Structure formats: C-alpha cells, structure tokens
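In what follows, a single structure is set out as structure tokens and then discussed.
The values are calculated or read from the model by the stated rules, or taken from the named source; none is laboratory data. As the structure is a computational prediction, the values presented were derived from the model and not from experiment. Glycine also receives a Cβ, built like all others from the backbone with ideal geometry; neighbour counts cover every protein chain displayed.
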Amino acid sequence: MKTICTSIAICVLLALGSVAHAQDSAAGAPAAGAPADAAAAKAPALPAWIQEINDRPWDTGGTFWLPTKASLQADSDFMFYAVLALSLFFLTGITAFVVYFTIKYRHRPGHKAEPSSHHNDALEITWSVIPTIICVFLFIGGWDGYVSMQTRPAEPLLIKVTAKKWVWDFEYPNGWHSPNLHVPIDQPIELQMTSLDVLHAFYVPPFRVKQDIVPRRYTYIYFTPSRLGTYRLYCAEYCGMNHSLMKEKAFVHEAATWQRFIDEAKAAEQNMDPKDLGKMVWEKKGCIACHTIDGGAKVGPTWKGSWGQQVKLTDGTTATVDAAYVRTSIMEPQKQLQPGYPPSMPTYAGQLSEAEINGVAAFIESLK
Amino acid sequence: MTAGHDHHAPHGPGSGHDDHGDHGTHPPGIQHHYDDAQHQFDSGKLGIWFFLAQEVLFFSALFVAYVLYRHHRPEIFAYAHHYLDVKWGAINTGVLIVSSLSAAWAVRCAQLAQRRGLILCLSITLVCACGFLAIKYIEYTHKIHEHILFGKKFDPCVSSGGQHLLTNGDHCPGTKRSACRAADVDLRPDQPGWQVACKVKETTPTGTRELPVCEMEAHHHGPAHAANPPCWEISQNPWVCKAGDFNGTPGVAALVHYGDHALRGSSTKIELECDAAKAPPTPDYAADLPVVGGLGQGTFQPKQKLSDHDLGVQRSMGPPPEHTNMFFSIYFCMTGLHGIHVLAGVIVCIWLLIRAVKGHFTPQYFGPVDYFALYWHLVDLIWIFLFPLLYLIH
Amino acid sequence: MSTGNPNVSYFEASHGIKNWLYTLDHKRIGLMYLFGILTALMIGGAFALLVRIELMAPGETIVGPETYNRLFTLHGAVMVFLVIIPGVPAALGNMILPIQLGAPDVAFPRLNLFSFYLWCTGAACLLLSIVFGAIDTGWTFYTPYSLGGDHTPVMLAIGGAFLLGFSSIFTGLNFLVTIHKFRPQGMGWFQMPLNLWALYATALMQVLATPVLGITLLLLFMEHFLHIGIFDPTLGGDPVLFQHFFWFYSHPAVYIMIVPAMGVISDVLTTFSRKPIFGYRFIAYSSVSLALLSFLVWGHHMFVSGQSKLANMVFSALTFTVGIPAAIKVFNWTATLYKGDIRLKTPMIYALSFLILFTIGGLTGLFLAILSTDVHLHDTYFVVAHFHYVMMGSGLVAFLCGLHYWWPKFTGRMYPERIAQVCAVGVFIGFNLTFLPQFVMGSRGMPRRYWDYDPEFAIFHQISTIGAIILGISMFTQVIYLMASFKIGKKAPKNPWGASTLEWDAPSPPTLYNFPEPPEVHEIYEYDDIVEESPDNWVRVNRKGTGTKAEH
Amino acid sequence: MANPAADKHHDDHHGIAHVASLKVLLGTWILLMILTVATVGATKVDFGPSTNLAIAMFIAVIKATLVVLFFMHLFYDKLFHTVLIVAGVLALALFVGFTLMDSNQYQESIQWNYTVPADPPPAP
C-alpha cells in the first residue's frame, strides 16, 4: 500500500514537470524580471519628455504592510491598522493563554486536573457581546470608507476603460487611447469600465481601488489621486493565459502637465509615421502576445517577411498578404485562418482607428 | 442475509441510478441494524424528507433565474409565453394530479394489505407519468420543429400580423427572426400590399421641424428612448401593406402615434409626406382611418391611445424583444429537469410494481411505496408551480 | 447488513477483494474513503509544490503560463472537492460516528456505499480531465472565461464535481438520519459527544447547500454544450448571476470544511486535558448556528465583482454575525485547557496548533469582512493566506488530528509517537513559514493567480516556497508512517488516550457490528472513572460497581 | 376496490403510520382539480400583469399546501418533517430574495441592446 502511494506521487510530479516543459517551450515568455514594455525597442516617434515619463519605474514604496498612499480612498488604511491591532491583541491573548495553560497544567507525575466549573454563563455572555460590539464598529468603519469609493463625485473627469484579453485601453476626454492610465492630481476621477470578452479587474494598490470589469456591462470606480508619481496597475480577476502579464502603469501628473501630455501624445500619434504607429499598436494592443516580429514561433504567425507572400488558408484558398488581407484579418480573423495556428484571435472591430489599421499594415510591410 | 432496504432514488442526470426497493432474496423484513419495523420506517421517512428538502434546493437556481429575468425583462416573458400552449400545460397538470392521487391511494392500499388495489394504483400512476412524458414530448418536438429553442438556436417564425405567433409546420408566413430587422417586418403577410416610406413634419407656431421616424419598436418605451429626441412611431395597424409588389389591393399608410401621451395642444399640425412612387391609389374603406393622397398633404387625427391589451397584442406582433432566448433557456431547463425527475419516478414505479406483484409489501413493510409516493408528490408539487409560472403569464 | 463473522475484528470478518468492494460496513467504507482521500491529498499537495516552485522567482521557473494556470486550478479543485470536503465527514465521520453512537452501522448502509462509489467516479472524472488537457479556469469555474477553451476537460471536471456533490449530499443525509434515529437509550442530544454535534451541523449544510452546486454545474454543463446563454453575456446571461449561484453553495461548503474539524478538536482537547469541555451547550449551539448563518453570507466573496452597493452592505454586516460563533468556540476551547492535566500527544499538538492557526484564520477574516479594506485586499495573496489558514491550517490540521486520535481505534495499531510529534511540529512551522509572508505580500498588492510577478515580491515568494517544502515533507512522512503502522505498529489497546466517549469502549479494531455486546452508555466527561493502568492503556474503573479506586 | 372493513377515521394509528381515509384523498383531489381549472380561468380576465401573477401564485400555494398536508400526510406526521420542508423553502426564498435585491441595483448598467461597435469606414 505504502509503495503505491509514494510511486503515484512521484510519477505525478515527473509527468507534470515533463508535460509542462514540452507544452510551454512554444509559448516563450518575455525575458524574466524586466517589465514587458521597457524591453521594447525605443519608439523614436514620441516626443522625448513623453517617452521619459512612460519609462519611469513604478513606485514600490509604502509601509511594511501597505503600499504608498496615493489617493484619498487610501484613508481606509486606518481601518486596516485598527483591525490589525485588534487581531494582534486577540492573537497574542489567545496564544498566551494557550501556552501558559499548557505549561502550567502540563501532565507530570502527581499532577491531576483540579475540578473547575465547566460552564459560566456570565463569561460566555461577555465574550459573545464584546466581539459583537467590536464587529458593529468594524462594519460601520468599513461601510463609510466604502461609501466614499462608491458615490459619484460632483463632476468627475470621465475616463473610459476597455479591458480585453490581456491589454488595457484607456480613452481620455480628448479621444486619445493609451494602455496606461494618466490622471491629474487632486481631481475626482470616474472610470467607466467594460470588458470585451471575459472578466477582468482594475486594481491599483496605491489607490486602494479595485473593481471587476464585466463584459456587456459598465462598472464604475471613483477615486481622487492625491500624490504625484507612477504606480503599478494590475488585472486582479483571473482572465486566462496572460492574466499575469496584463500589467500597466498609472501616472499621476500635475493638472497642467496632464492636459499637455494627453494632447501632445494624441498629436504625436496622429502625425506619426504609420510604420511607428503600427509598431506602437503591435506593442500596446496585444498583438505582441501572439505575433513575433523577428521570425520566432509564437501562438500566431510571425509578421517578419510575411508582406507580399502567398499564404495558404485553412479553406484551401491562397491569399497574398497585403493591406486588404491585414484589414480583414483584423476585423474578421476567423475568415482567414492559416493552418497550424489556433483560431483564437479575437476581432478588433471598433477598437482600432483607421490610422492604426493602416499603421499595422505599414509596419508589417516594413518588416521585410 | 436479511433484505436491506433503501429509501429513495439518488438520481439526477449522469449519476447512475440506485434501486428503490430491496433486492434481497429474503422475504422483506427488518434490516439487521434496525430495532423493529417502526424504527426502520421512521428512519426511512426522515431520510426521504431530507431528500425532498434537498430536491427543493436542487430546483432553487432555476426559480432564481426565472424570478430575476421576469422581474427585469417582463417584455420577454410577455412576448414568449404565446409560444407555449396552455391547453397542453393544463392537461399535464391534471394528469399529474391524478397520478398524485393514485400514488397516495397506493400507499393506503399497501397499509391495508390490499394487494390488488396497490397494483392498480401503481399502474395508474405509471400510466399517468408516461402520459405526462408523452405530452412533454409533443410540446418539445413542436418547439424544436419551430426553432423556438434556447440560446443561439432561437430562430422562430416572426410577425404573423394580427394573430399570435403560434405558427404551424413549415409554412412560415412572416420572416425568420434571424433574417428580420424591425424595419422590414411584414405585419400582414397574408395580404400583399404597400409599405409606405414616410417622413413626418411637425409645424408648431414657433416653426416647422422634421422629426425622425422611429422604426416600429416592439419594446416598451424604456430608457433607451428617453435619450432620443421625441419622435413619431409609425405603429402599423393591422391593415398596413408590405413594400414591393403592388397589385392594387387596398392599404392605409399609418397610424401616427406620439409616444404614450396625448398630442400637445391643437395648434400642432402633423403632415405626412409620402413617396409618390409607392403611394397606392385612393383606398376605399373605413372613414375614420387617415387617407393618404397625392404628394404628402395627408393630414389626419391620431386615434385614441391604445389600451394595454392593444399594446400587448401589437407588441406580440412585432419582432421578438432582445434576448428572448432567455425565456426558452429557463423554460427548457425547468421543464427538462422536471422531466428527468418524472422519468426517474417512472423507473422507480416500475420497480415497485414488480415488487408489489411479488407481494413484498405488507402493512409492516410498505416503506418503499410510501417514500416513492412522497417523492412523486414533490415532483407534482414542483409542476404545480411550474405550470402557472411558465404558461399563465399575462 | 454487511455479512461476515461478527465476533472478530472487521478486518477478519470476511476476506477477498469482493467483500471489500461490496461491503456495507461503515468502517470498511470509511477506510476506503481514507485511502482515496490520502491519495488525493498527495496529488493535490504535489500540485501545490509545483505551483510554489514555479513562483520561486518572477518569470518562468519550471512551467509556462498555461501549465501554471492548470496547476493552481487542479490544486484548488482536487483539494476542495476531493480532500477537504469529504475529508473529516466521510473518512473519519463514517469510521467513528456509528461507534460513538453505539450503533451497529449508519442508517442506510447501501446509500453509504453508493456515496463512496459516487466519490470514486467523481474523483476519476476530475483526475481524468488532466489527461485531456486539464482545466485552467480556477476551481470556481467563473464564466464567461470557463465557457471558452476546449470542452472535454471542463466537461469532465464539471461532471466530476457534480458526482462529488451528490456523494457529499448522501453522506450528510445518512449522518442526519443516523444521529436522529440511532442514539442509544440514555444519550440525549446534550449527552452526545461534540464531534456528533459538529457532524450534524455539517450534514445539515451538506444536504441543503450542495444541491445548489449540482444545479449550477448542470447549468454550466448545458451552457458549455447547448449554449443556453444563462451565464453568457452575449446571449443575455449574467456572469454575476453565476457567481451568486456558485457562492451560495461554496460558502456553506467552506463551513462544511471547518465545522467537522471543530468537532474533532472539541473532542480531542477535552480528552488530553482530562477535563470536561468548557461551555458544552455554547459550543454545540455555535456549531448549528454556524450551519444556519453560513447560508446568509455568500455575498462577501463578491464585494468587488460587480455586486451592488446595497448587497455589499448587507453581506458585510451579516458576515460579522458569522464571526461571533467561531470566536465563542475559540474562547471555550482555551477555557477548557484551564486547570487541566494536559498531555502533549500528537493529537493534542495538532489541536493546539489548530487553536492558534484558526485564530489567525478567523481574525484575518475580519479584514476581508470590512468593505473598505476588502476592496484593497480582495483577489490578492492576503485572501490566499486567509483561506489557507482556515482550510489547511484548521481543516486539514484537524483532519490529521482526528486521524491520529482515532488511528488506534479503527486500525488496531499505534502510530510511532515520536516521529508523529516531530511531523506535527513540522506541519505547524512549515505552514506558518508558507503563509505568513503571503499576508504581507497580499496587503502590499500582490494579485492572486499570477504566474509572473513584479520583482519586489520575490523575497516573500522565496520564503513561502521554503515553507511549502517543509510542509510537503512533513505531510509526506505522515502518510508513510501511518501506512507503515499497519504492519509494524504496536498493538493498540482499547483506550490508549483515556477518552470517555463511547467509541473507546469498543475493541480496537472494532468487531463487525462495533460492539460484541450492546455498550453501556456513560456520562461522556467522567475522566475520574478512567485510570491509566499502563502507559497508553487506560481502563474504565467502575466506581459504582467495584468500589475500589486504583490509586494513581 | 372499496375497503370492506369498517374504515373508522382515527383508528389507523395501531399500524406503523397514519392511513389516509378515502374521503380525505378524494376530497383533496377534487379540490386540486377545481383549483387548476380556476387558475387557468383566471388568466382569461385581465387584472393587470402583477395581479394576475399574484392570483396564480396564490392558487399554486394553496394547491401546494393541500398536496403537502394531505397527500404527503404532513398533517398527521411528526412536526420535524414540516420543519424540514419549510427549511428548504426558506433557503430557496433567501436565495431568491438576496439575488433579486442585488441584481435589482445594477440592471441599468447592463448593456442589454448591445450593438457591435461599427467598423471604421473603408480606406479612402
């Protein structure tokens, strides 16, 4: 019996280890350690000061327990520390009693259990009522901290968030789209969020805000940034293979620089050379997750040297890779599937502007 | 060894089926670990009651889904329940109640050692149960044939003019739901004729403006409309015609209907500008209906506001509201799961019939019959709630 | 009833594999459950170790993202459905409940066997899904992600969980009727051991909550294959509705995991302190009130998942009411140690570590019940640490405590005491080393289910992985020496711990119908009547009868 | 089929469990049939959607209690069995109530008539 158990455990370990390795060599994750976007080649097209801001590392400061406080919603830290103190008090109390009793009344020759009352209603009532009172206070503290997060401020700055399998897209009032969040300081922000495929969650630890993003529905977050800096932005609801790579940055700017930033970035993107715009789309809109530009194998076909090639499609027909081919495979990817690749590309209809589609085509063309 | 006994059918799809009665060769008596027949019977009774409480919970999620969707999207239920045939539903309810009576009677016969009565009652229950399943089979095949199914497969025949939507067989006078958009709904398919493309101009003392013509909106005037500017709804009354082949039969343009409240003041003049090429010759029918003549000067008076009933009928004529498939998802889940429980009951009833014929049941040992009857009453109970919830929507 | 010679131990009552596979004897079924659960525990533990080794360093260490997602999903599914839900009730409960009641068997022996085979088929389906590519949806199957991807593994996993659900329902139903109808004369509701109160409360939850899991998985199954659209937003469904359905079962499920564990601890603490339990009625009532309150609080899993403000407020308030009975129990257990005569045998070490770990688990639950802190802490490693403290730190530790406590009784062999104590301390240290850093990492913002994480969390993951290895080793050694004790274990006396509940009057291992002759019911906390004749061998001295009271 | 032995109403408790008298069985059955006809008839009259639903539910509850009390012998049976079935129904009501309370709040934010974002105009 014993040998059976041990052998099962060992072979499960080995089988999974080996299967795992074979399956994943194909996926190939970005270089370990370095955040995904910093490794991308410098995009010369953006003005220097925008690029400098984009490359700033995110803030890893904060106390032992909590990250830096960067929004008014972070006042909930008081409740965190209150409950922490309360818990430590009760924990040390219980542990002290247990250890003390175990040592004092440990079994030793001649020691017998002295008779003691084994029920004392007064004591029972006290240690039922006291926790109840504490809980009432905890609930009230939690509730009014939560309400400040959930009531819509007077006239918030509306930023539309669209989450998609493994990329973020923030739309600013001037119509500029960016994978990173840029917000002015001390301005109440409203994030109107929706998802295009599965559940995601917007989570910026320093802002202490988190809200799931549900497909075919709008969910909202209201917060007011209160500290300049760059903070990490995570997806907190499990959403599939690259859930752990769906990470971006949230920037808090001065009010003036924020306005200048989004205007100049938009302008830069508009008159950017299509090739560079295509490269930026490839990085920011999630193409990088499946298509390589250096000929390497990944989930989808590589873009390098594919321009003008005759490609065989699963339905037997052949097509040349040109602007029309790129457009249809962006809009209705399921129509043109190359054999040997999983049909898992989602449609980008309505998510890429006209300039961006031409940019992608130009970028692929430039990858001779 | 003594014949053990078990008390209920732990079934549910895919989980295999345990038998109900005992199958020991020993004449039915008391299992070893019970003190006496009373102890064994009471334990079984308690076991079956726990099982019934669990069955109530097993159906709970479906009732939650039903209540949620009916509360939030009543138009789906108002529209879709026309597809269900109340006649068959009522017959099924009757059949189940009869089978419930015969099951209860069977228990009585078992207790009074009336073996023939027991066999008769169990057979009646069995026949009724099979009848119930047969009726369900009829209803399901009708729906499958009409494509009135759940999820993506919901593609029934739509817009059959004044009558309700029960269509028959292949003849689908209207358009398939998947093909039809609100605009090209043919509301009187059996009368070919004209669809008039019109524009509405509102001249008020301050000035005239052209109002957008909303397509025929089958939904209720929910918030979606609040955002749009006040618009005119060309709501087709039963005699509107369909665009295309004109063969001279009479038709009338439209009944213009300004939202839900009466016209604002008499100074507003509504003009209906119509496309000459499609205007039919002067139709000759009921006087109070507006007349469209010539190029666009047709002035007319709006009819009185439609009663709820008329609105309901009108709504059931239009294309199905968004996501009507949800009703049928819930309908098929509820009646399907209930059907599976009836099927399990049938299997158990057959098994009990065999044992009754073998004379296993005595006034001291009739547990299985009693537990089966309790289970059967619960299945009947669930149908008692399903029938009004699904079939009798108003 | 089960066949065989009734006056030898149930091992020798009948031989041959057929007599084991078709047995109706609750002890054999309990033992077969135990082997299945220990194997599943090893498999789940292996997945956990692979997850922890992968998280040793940011980026890819041993596996890529898809396999990592499959590993943590399988770890969750195997541990929840196969190990921790059937653990104490099905394995230990089946073994001990009838003997503690002095009954020859459970109320419906055949249903008991049917539950076991449901468990086996469910387990086979769940583990078979690995062969077909394993599921990567998380053990919660959240839609709409779980609706995509290839269907066979998800179908198998859902089918498996469905069958395991019914196995749990029928076990619960069996226990409820047995406790109601098979109590001997003189054992009223308040003369029963607290373990039975806990099993009663658990069975209530099993019977009333698990069917909702059944219907939810059925709907998910139909959603997957027939696209009925009830959870798929593109067809009008609502993903939050799935979460309501799932958590309406899954919160009572987490109480199905912890309440029987509390029952075991209530018995073990009083035995090894040689002193009646403090506040018997309060502990008994808090078990049942936990069972009832567990149906009210499922919304606290969904505070940030799109649930409305009103519902969040209501669920947050109700969640605090669930905390109170647990607190009462902890206080009563600590009071039981007062003025006792505490022997630190292995079960007692586990019971004391349960007390500490459950206190930490319970208190960290407060952080997550408070709305404003939960928004920050939800779906981070803080939650992972909290539920591991409650499920593993309390649930599994109590399972091991009960396993060691009743091992002599149902195997007739003593486990090696010294090694067991070392392993118990190993479990305590390894567990704390693994999960304390995760609290800090979580509150600093490390999200859950991340295959690649930011470098600033690396130090916490490394400590956690080392702890996991220590934990893995001590768990693994336990399985070895427990299995070895079948052959080389010392013969176990009738009452090695001097416990006073009814099962210790039965021979170990018990005969086919547990007691050669109907047992005599005693007051359960009369420790003065029980005297230690020789080390680990206690004898009940009948004061009324013989009048002589052996001196200590 | 008629039971020749004198069927005194309340002498049934000498057996293992209560024997339902024919009068009660047939009476309940007839009542159920009448109520079914009534509930179908009630839909012919238009009291407005909510009242119609209330009437249908009221009749269904009466029928359900009839079945539970007389066909399932709960009227003559142990109280604990009633507690059980009531517990099941209460859990169901709790489930429905809480979920409805929650989903009531977020219905406006659901994009019910979701139109796929229009494709950008084709390249000039």
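Among the residues making up segment A:99-111, a single one is of a type outside the set (S, T, Y), under 26 Å from C:F282 (Cα atoms) and surrounded by 15 or more Cβ atoms within 10 Å (Cβ to Cβ): A:F101.
Could you please find all residues in segment C:233-247 being under 13 Å from C:Q307 (Cα atoms) and in contact with a Pro (Cβ under 7 Å, 6 or more places away or on another chain)? Within segment C:233-247, just C:P239 meets the criteria. Among the strands (runs of 3 or more DSSP E) confined to segment A:176-257, there are none with at least 3 residues that are crowded, with 23+ Cβ neighbours inside 10 Å and among the acidic types (D, E). When segment D:69-97 is examined, which residues are found to be facing another protein chain (nearest Cβ under 7 Å) and not in a loop (DSSP other than H, G, I, E, B)? Within segment D:69-97, D:F71, D:H81, D:L84, D:I85, D:A87, D:G88, D:V89, D:A91, D:L92, D:L94, D:F95, D:V96 qualify. Restricting segment C:274-296 to residues that are aliphatic (A, V, I, L, M) and assigned to a loop (DSSP other than H, G, I, E, B), the residue that is nearest to C:F331 (Cα to Cα) is C:I277.
Selection of first residues in segment A:114-132 that are at the interface with chain C (Cβ under 7 Å from one of its Cβ atoms) and of second residues that are part of a loop (DSSP other than H, G, I, E, B) and aliphatic (A, V, I, L, M), restricted to Cβ pairs under 8 Å at least 6 apart or on distinct chains, gives the following pairs, ordered by first then second residue: A:H118/C:I277. Among the residues of segment A:334-348, not a single one is hydroxyl-bearing (S, T, Y), more than 9 Å from chain D (Cβ to nearest Cβ) and under 20 Å from A:M272 (Cα atoms).
Here's the yes/no breakdown for (1) under 18 Å from the mean Cα position of the chain (by Cα); (2) more than 9 Å from chain B (Cβ to nearest Cβ):
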| position | (1), (2) |
| --- | --- |
| D:A17 | no, no |
| D:L22 | no, no |
| D:T39 | yes, no |
| D:V45 | no, yes |
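When you look at C:L377, is it over 24 Å from the mean Cα position of the chain (by Cα) and at the interface with chain A (Cβ under 9 Å from one of its Cβ atoms), yes or no? Yes, satisfied. Of the residues C:T346, C:T334, the single one that is closer than 28 Å to C:Y405 by Cα and without any contact (Cβ under 8 Å) to a residue 24 or more places away in the chain is C:T334. The helices (runs of 4 or more DSSP H) located wholly in segment C:1-119 that include 1 or more residues which are basic (K, R) and closer than 29 Å to C:M391 by Cβ occupy C:26-54, C:65-77. Would you mind stating whether C:D136 is more than 10 Å from chain B (Cβ to nearest Cβ), in contact (Cβ under 8 Å) with a residue 24 or more places away in the chain and out of contact with any Cys (no Cβ under 8 Å at 6 or more places or on another chain)? When the stated conditions are applied, C:D136 passes them. Checking each residue of segment B:119-133 against the condition of being modelled with pLDDT of 90 or more and among the polar types (S, T, N, Q) gives at least one match. Here is the figure for segment A:29-70: residues that are among the small types (G, A, S), modelled with pLDDT under 90 and within 20 Å of the chain's Cα centre (by Cα) total 11. Taking segment A:92-110 as the range and being more than 7 Å from chain C (Cβ to nearest Cβ) and either in a strand (DSSP E or B) or under 47 Å from the mean Cα position of the chain (by Cα) (or both) as the test, the residues that pass are A:T92, A:G93, A:A96, A:V99, A:Y100.
At least 2 residues being touching a strand residue (DSSP E or B) at 6+ places or on another chain (Cβ under 9 Å) and closer than 27 Å to C:R183 by Cβ is the threshold, and among the helices (runs of 4 or more DSSP H) wholly inside segment B:22-102 those reaching it are B:37-58.
Can you find a residue in segment A:87-96 that is over 18 Å from C:V330 (Cβ atoms) and either in contact with a Phe, Trp or Tyr (Cβ under 6 Å, 6 or more places away or on another chain) or aromatic (F, W, Y) (or both)? Within segment A:87-96, none of the residues are over 18 Å from C:V330 (Cβ atoms) and either in contact with a Phe, Trp or Tyr (Cβ under 6 Å, 6 or more places away or on another chain) or aromatic (F, W, Y) (or both). Among the residues of segment D:5-16, not a single one is within 27 Å of C:F295 (Cβ to Cβ), at pLDDT below 90 and either touching a Leu at 6+ places or on another chain (Cβ under 8 Å) or in a loop (DSSP other than H, G, I, E, B) (or both).
Residue-wise test of (1) within 13 Å of another protein chain (Cβ to nearest Cβ); (2) surrounded by 23 or more Cβ atoms within 10 Å (Cβ to Cβ); (3) in a helix (DSSP H, G or I).
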residue: B:G345; (1), (2), (3): no, yes, yes
residue: B:I350; (1), (2), (3): no, no, yes
residue: B:R355; (1), (2), (3): no, no, yes
residue: B:Y371; (1), (2), (3): yes, yes, yes
residue: B:I384; (1), (2), (3): yes, yes, yes
residue: B:L390; (1), (2), (3): yes, no, yes
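Has segment A:275-283 got any residue that is outside the structural domain of A:F170 (by TED's automatic domain parsing), within 15 Å of the chain's Cα centre (by Cα) and modelled with pLDDT under 85? The answer is no; no qualifying residue exists.
The single condition among (1) more than 9 Å from chain C (Cβ to nearest Cβ); (2) in a helix (DSSP H, G or I); (3) surrounded by 13 or more Cβ atoms within 10 Å (Cβ to Cβ); (4) not β-branched (V, I, T) that A:A163 does not meet is (2). Note on segment A:57-83: residues that are more than 8 Å from every other protein chain (Cβ to nearest Cβ), part of a helix (DSSP H, G or I) and more than 18 Å from A:P225 (Cβ to Cβ) total 3. Consider segment C:462-471 and keep the residues that are within 22 Å of the chain's Cα centre (by Cα) and crowded, with 20+ Cβ neighbours inside 10 Å. The one that is farthest from C:G59 (Cα to Cα) is C:L471.
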